[in-house]
Structure formats: C-alpha cells, structure tokens
Amino acid sequence: MIERIKKLPRPVKGILFHLLQWTWCLPQNILGALAALVLRGERFRYHGALVTVYRKTRLLSNNSGFSLGSFIFMPEGWSDYNKRHIVVHEYGHTVQSMMTGPFYLLLIGLPSVMWSSRFTKRHAVYRTRGVRYSDRYPERGADRLGERVTGEEP
C-alpha cells in the first residue's frame, strides 16, 4: 500500500495526507494543534507534517520528541544528527496515526508514553542490557515506517 501511495503525484499525496489527518485522525490532530499553539519555537515542514522545536518546560523536561497527528514536536538543543533521527522516528508515528485513526491515542500513544517514561527512568539499566528505545512496541514500528515512507534512516 505504501509503495502505491509513493507513486502518486505529489499534489495528490498532499491532499490525501491532509484529508486523512483532519478526518480519520481528528482527535490527535486537535491535540497536536493545541500543543502547537502552546509550545513556541522554530517551525518547519517535513513531508506534510508541521515540526515544532520547543523549549523545555516543566511538563516536557525529559528531552523527548512526540507526535500528535500531523504535528511533530522535538526539544531544542539537539545536534543535527539527533534532529534528523527524531523527525524520521516521529514521522513514523504520524504514519501509525494514519493507520489507526481515532484509535491511535489508545493503541500507539499510550504505550509510547508509558515506554518513554519507563525507559527514561531506567535508562542506565537498559543501556547495560543493550536495550535501545526503539527495540519495543510501538517505537520499532515508528522507526520502520518513518524510514520506509521518507527514505531516510531514523
């Protein structure tokens, strides 16, 4: 399916992307739009998604990126390599959002937040065991989809 979509003309892909985002993916896009209004910072487009580079806040202090529909957020101060990695990974979550629609927050968002929190708290333990953040559900899928759709490595 992804390969067929890749072959479509760019304007058609853009229309389909935004149509899906603002119908099938509406709940996460509403939350993403609200977050974009609150989180100020540099913004740029990436494959149709709006990326916001935000400043750390009390609520978002663990230096992680996140995706809500067609809105991607990443913390400021990362190297170009890390920015590229995180934007490809988070775009993978955007694709997961298009696949799961209104069920995204429950099926992908909640497990992702739980794993991110656990991984952040036990990072040293996981590092000694050779466990990477993207080794678990749904992060592995986000990496794979991000790479497959964008053609860039996460």
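The values are calculated or read from the model by the stated rules, or taken from the named source; none is laboratory data. Everything numeric here is computed off the predicted structure, so don't read it as measured data. A quick note on method: Cβ atoms are made from the backbone with ideal geometry, for glycine too, and the neighbour counts reach across all protein chains shown.
At-a-glance table
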{"quantity": "Residue check for V95: hydrophobic (A, V, I, L, M, F, W, C) and either in contact (Cβ under 8 Å) with a residue 24 or more places away in the chain or surrounded by 13 or more Cβ atoms within 10 Å (Cβ to Cβ) (or both)", "calculated": "yes"}
{"quantity": "Qualifying positions in segment 142-154 - closer than 17 Å to F119 by Cα and among the small types (G, A, S)", "calculated": "A142"}
{"quantity": "Matching residues, segment 117-148, being more than 13 Å from the chain's Cα centre (by Cα), assigned to a helix (DSSP H, G or I) and of a type outside the set (K, R)", "calculated": "S117, F119, T120, H123, A124, V125, Y126, T128, Y133, D135"}
{"quantity": "Residue, surrounded by the most Cβ atoms within 10 Å (Cβ to Cβ), within segment 18-43, restricted to residues that are modelled with pLDDT under 90 and on the phi < 0 side of the Ramachandran plot", "calculated": "L39"}
{"quantity": "Selected residue (only one of R45, R4 is without any contact (Cβ under 8 Å) to a residue 40 or more places away in the chain, over 22 Å from Y133 (Cβ atoms), assigned to a helix (DSSP H, G or I) and not aliphatic (A, V, I, L, M))", "calculated": "R4"}
{"quantity": "Tally of residues being buried (at least 19 other Cβ atoms within 10 Å of the Cβ) and either in contact with a Pro (Cβ under 8 Å, 6 or more places away or on another chain) or charged (D, E, K, R) (or both) across segment 98-133", "calculated": "3"}
